[in-house]
Amino acid sequence: MKWRPDWFLTGMIAAVALAWAFPGPGADGGWMHPEILTKGGVALIFFLHGLALSFTALKAGTLRWPLHLVVQACTFGLFPVLGLGLLWLAGDRISPDLRLGFLYLCALPSTVSSSVAMTAAARGNIAAAVFNATLSSLLGVFLTPLWMGVLVNAGGGASLPVGKVIVDLVCWLVLPLVAGQLMRPLLGAWAGRNKSLINKVDRTTILLLVYTSFCDSFKAGVWSGHGLAAPLTGFVGSLLIFVLAMTIVSGVCMALGFPSEDRIAAVFCGSKKTLASGVPMAKLMFGAHPALSLILLPIMIYHPLQLMICGVLASRWAKRAE
């Protein structure tokens, strides 16, 4: 399985470049009205997620509770501890906004589509991967803002209004997700036939949110004092967190005697973080924060990093299974 950059990764670079060249339209007060676009885009994304989500596909994976506990404990327990440890070691060498970005990365849920796709490619437990990836996304609506409240306070930052954030996430994430599920009897067959179209609409909307996220930052000159230091720090920190998380979850699975299929699912689901949900959630949680682009930088680096490394591992493990 050879990794190749896809249109979405190229689109992320293009969205950042457009925000740098033309920040006005997507910035606060611009003609694109980002305050309306953000909430509408988030609602659309999660409505499509609800429409495409089949809970019947989860039944086969529900009984592997030791595996599920390991994955969710890693996603919402190990990662925050790693993030706080990294920031403690780095001290004041990381800017406050980038520190917030690393905390946000560590508090996010796992991915859905790529975790399942990598597990399938590596001949792992697909049913368990579907169950864990979906469960992680649902738990993340509540656990991510709760963790951010705890982590931001522990990191010495300004307190996060957790109650308001959760209400916003329920209104703009959970309710559209439920609406999508309720529409499955009418539109489920259509969604099954048009997965590619739904994926493109979903990813295009995310790219639009990435663009508006960077517009305010470029307009306010947030990046002028950072140069290459911020991307380099983001890359090194993201790589370190990823390698540590993958190594620890793999070691735990081996210590517990998990079969190879379960270990593959645990490693791929337990080491990944979602950009697809991370960008919309950040727009709701941090609003028009002028340094939102720095907050999003770690997850934007982590996303292609996890795809490249997991793609190589999936190819090797598939050959070993054969």
Among the residues of region 7-43, which ones are hydrophobic (A, V, I, L, M, F, W, C) and farther than 22 Å from I198 by Cα? V16, A17, L18, A19, W20, A21, F22, A27, W31, M32
Going by the structure shown, is A73 in contact (Cβ under 8 Å) with a residue 12 or more places away in the chain and either among the hydrophobic types (A, V, I, L, M, F, W, C) or in a helix (DSSP H, G or I) (or both)? no
Hey, could you check region 245-257 for residues that are in a helix (DSSP H, G or I) and not hydrophobic (A, V, I, L, M, F, W, C) and say which is surrounded by the fewest Cβ atoms within 10 Å (Cβ to Cβ)? G251
Among the residues of region 258-274, which ones are surrounded by 24 or more Cβ atoms within 10 Å (Cβ to Cβ) and of a type in the set (A, V, I, L, M, F, W, C)? I264, A265, A266, V267, F268, C269
Determine which member of the set L63, L100, L84 is under 28 Å from D202 (Cα atoms) and either in a helix (DSSP H, G or I) or without any contact (Cβ under 8 Å) to a residue 12 or more places away in the chain (or both). L100
Of all the residues that make up region 183-209, how many are charged (D, E, K, R), surrounded by 14 or more Cβ atoms within 10 Å (Cβ to Cβ) and at pLDDT 80 or above? 1
Could you tell me whether F242 is modelled with pLDDT of 95 or more, surrounded by 21 or more Cβ atoms within 10 Å (Cβ to Cβ) and either farther than 23 Å from L177 by Cβ or aromatic (F, W, Y) (or both)? yes
Inside region 263-289, can you point out the residues that are modelled with pLDDT of 85 or more and not in a helix (DSSP H, G or I)? S271, K272, K273, T274
When region 27-45 is checked residue by residue, the ones that are in contact (Cβ under 8 Å) with a residue 12 or more places away in the chain and assigned to a loop (DSSP other than H, G, I, E, B) are A27, D28, G30, M32
Name the pairs whose Cβ atoms lie under 8 Å apart, with the first residue in region 291-305 and over 19 Å from F268 (Cα atoms), the second of a type in the set (D, E, K, R), and 6 or more positions between them or separate chains? A291/D97; L292/D216; L292/K283; S293/D216; L294/D97; I295/D97
Kindly indicate the residue of region 24-36 that is modelled with pLDDT of 80 or more and surrounded by fewer than 20 Cβ atoms within 10 Å (Cβ to Cβ) and also nearest to the chain's Cα centre (by Cα) among those meeting that condition. I36
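The values are calculated or read from the model by the stated rules, or taken from the named source; none is laboratory data. It should be emphasised that the depicted structure is a prediction, and the values quoted were computed from it without experimental measurement. All Cβ positions, glycine included, derive from the backbone under ideal geometry; neighbour counts span all protein chains shown.
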